[in-house]
Amino acid sequence: MTARFMDGTPYAGLEQEMQRIPGFRPRKSGMVICHLENRMGEGRIEAGRACACEKGREGSTGQEEGGANGYSDYLHQFLAEVWEESFSLRAQPLSCRPKPFFPESGHRSRFQACWEKREANADQEAWCAALYLLTADSNLWKGAEAAVKPDFIDFTSVSIRGVDMDGYVLYHTAKDLYRGTSHVSLAELTDGELVSDRAFRLVINAFLLCRYGPCLLFPEKGENYV
């Protein structure tokens, strides 16, 4: 039975809709964002990570993380593989208005505190992307902090009671990216009434982190930091 966390709240109907339709197709018929399928394109992904680090060392863009030009390049490359046209249309303007990965200082400090304690694991990109989303919302983080280990995230122990709709979307997207599941569809992410502009940008950033690696976050620190 599917768990219902929003029963008795204004978000109950939206929760049922989000849980109804799976959202990511197998690579043979479209795109899968999850870390499991990334192994199929590992050569290209590795090249992308190296490029992200090199751009950071050059330091020519002036953007806090990744660089404005670098962000747009990775976003365009990512969207070229997306089968959901409405999703691409909503995401494309982000390349014209790139922002730092951490526009809020609290988000950066929460993320970095965990990142610096990380241990090597086989799914570092997925761990990074999930951590990025879980630390983006202070209320969500209160229920998730104890579940985040240096090499593992135990989503079964995350509590999302009391979070708003943004926190709910961030939680389920983080879990999808980490576990390779598909509770949130691309079509649902396109819905502006369901997913706010802030949450949508954070989700896009997490997709890029899962796809191209954590070098996008701290290019100025080089490959040894990631």
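The values are calculated or read from the model by the stated rules, or taken from the named source; none is laboratory data. Every value quoted in this text rests on a predicted model; they were computed, and no experiment measured them. Every residue, glycine among them, receives a Cβ derived from its backbone with ideal geometry; neighbour counts consider all protein chains shown.
Being loosely packed, with under 15 Cβ neighbours inside 10 Å and among the small types (G, A, S) is the filter here; which residues of the stretch 126-151 pass it?
Within the stretch 126-151, S138, A146 qualify.
Which numbered condition in (1) closer than 23 Å to Y71 by Cα; (2) in a loop (DSSP other than H, G, I, E, B); (3) not basic (K, R) is the only one that H183 fails?
So H183 meets the others, but not (1).
Does Y171 satisfy the criteria of being among the hydroxyl-bearing types (S, T, Y), surrounded by 15 or more Cβ atoms within 10 Å (Cβ to Cβ) and within 22 Å of A120 (Cβ to Cβ)?
So Y171 does not fit the description; no.
Looking at (1) at pLDDT below 95; (2) surrounded by 14 or more Cβ atoms within 10 Å (Cβ to Cβ), which is the only condition R161 fails?
Of everything listed in (1) at pLDDT below 95; (2) surrounded by 14 or more Cβ atoms within 10 Å (Cβ to Cβ), R161 misses just condition (2).
Looking only at residues in the stretch 116-142 that are of a type in the set (G, A, S) and part of a helix (DSSP H, G or I), which one is farthest from the chain's Cα centre (by Cα)?
Within the stretch 116-142, the match that is farthest from the chain's Cα centre (by Cα) is S138.
Restricting attention to the stretch 165-180, which residues are at pLDDT below 95 and either under 11 Å from G143 (Cα atoms) or assigned to a loop (DSSP other than H, G, I, E, B) (or both)?
The answer is G180, and nothing else.
Under 9 Å by Cβ, and 6 or more places apart or on different chains, what pairs join a residue from the stretch 193-217 that is acidic (D, E) with one that is outside any helix (DSSP H, G or I)?
none
When the stretch 160-188 is examined, which residues are found to be acidic (D, E) and more than 11 Å from A129 (Cα to Cα)?
D164, D166, E188
Which one of these is under 25 Å from E85 (Cα atoms) and surrounded by fewer than 23 Cβ atoms within 10 Å (Cβ to Cβ): D191, D123, D154? Outline the logic, then answer.
On the way: D123 fails: under 25 Å from E85 (Cα atoms); D154 fails: under 25 Å from E85 (Cα atoms).
Answer to the check: D191.
Could you look through the stretch 197-226, keep only residues that are small (G, A, S) and modelled with pLDDT under 95, and pick out the one that is nearest to F102 (Cα to Cα)?
Selected residue: G213.
Under 8 Å between Cβ atoms, at least 6 apart or on separate chains: pull out the pairs that start in the stretch 86-111 with a residue that is in contact (Cβ under 8 Å) with a residue 60 or more places away in the chain and more than 21 Å from L217 (Cβ to Cβ) and end on any residue that is crowded, with 16+ Cβ neighbours inside 10 Å and aromatic (F, W, Y).
R90/F200
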